[in-house]
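Worksheet: one structure, shown below.
The values are calculated or read from the model by the stated rules, or taken from the named source; none is laboratory data. Every value quoted in this text rests on a predicted model; they were computed, and no experiment measured them. Positions of Cβ are backbone-derived with ideal geometry, glycine not excepted, and every protein chain shown enters the neighbour counts.
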């Protein structure tokens, strides 16, 4: 079987994207997806995304983690598939599409994609961390400095530990640089390693920073290993609405692989 694929990246978070409007890709083949995402034996990526038909919206986004299993919402992946949809001339500069956590609106400005994320109503605050779901579950740990941390070791311990266990959570380590500027490093479940960026992760960090009174700003700038991202929202009581994730989404290369 020959597969036409496209490679995209958003702040270093990289994805294999496949036009599956014909619905012929064997998406239940966990081993195949894992092999394609393998960096030494496959194409290499943090995840695989299928662009599929939608009855009511422009398209449907189906996301798979690098381990081959279907994943929850991926923010940077969502931004990349919007750029891909424009490349295919499915959309112009605005779109609404379906994903596992519901509908998402997005707007393209040059190479920047501004993606609306889900509203957040529940942020759990603990002595050592915060926990919230921004389309994917996120553990947010504020610390003095993120540079010296062993993210794979610390992240995996939290990801598999209580109360998350096998289902797991993504783990974000956060350093506040100034009032509304933060530096973030993230351990992602499904990849089971540190990634250069995580869209739902920086969204969780921005909201958690506001919720814990580290900043009163509703526009937060995030530095990740792969670049810079921006999160904005409207706080209404304890609810966070009009949540947007903004950053570049770039085409890297395309090719064909025989499997």
| task | Could you tell me whether residue 192 is on the phi > 0 side of the Ramachandran plot and either at pLDDT 95 or above or not assigned by TED's automatic domain parsing to the domain that holds residue 135 (or both)? | result | yes
| Could we say that residue 175 is part of a strand (DSSP E or B) and touching a strand residue (DSSP E or B) at 6+ places or on another chain (Cβ under 9 Å) here? | yes
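Just to check your reading of the model, which residue among 86, 157, 153 is without any contact (Cβ under 8 Å) to a residue 60 or more places away in the chain, assigned to a helix (DSSP H, G or I), outside the structural domain of residue 178 (by TED's automatic domain parsing) and surrounded by fewer than 22 Cβ atoms within 10 Å (Cβ to Cβ)? Give the steps one after another, and end with the answer.
Working: 157 fails: outside the structural domain of residue 178 (by TED's automatic domain parsing); 153 fails: outside the structural domain of residue 178 (by TED's automatic domain parsing).
Matching residue, one of 86, 157, 153: 86.
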| request: Give the residue that is nearest to the chain's Cα centre (by Cα), with candidates limited to residues of the stretch 178-233 that are more than 22 Å from residue 250 (Cβ to Cβ) and part of a helix (DSSP H, G or I). | output: 204
| said: I'd like to know if the stretch 15-33 contains one or more residues that are in contact (Cβ under 8 Å) with a residue 24 or more places away in the chain and within 13 Å of the chain's Cα centre (by Cα). | reply: yes
| task | Could you list, in sequence order, all residues of the stretch 125-136 that are surrounded by fewer than 19 Cβ atoms within 10 Å (Cβ to Cβ) and in contact (Cβ under 8 Å) with a residue 40 or more places away in the chain? | result | 125
| query | Taking the condition in the same structural domain as residue 49 (by TED's automatic domain parsing), more than 16 Å from residue 197 (Cβ to Cβ), within 13 Å of the chain's Cα centre (by Cα) and without any contact (Cβ under 8 Å) to a residue 60 or more places away in the chain, does residue 92 pass? | reply | no
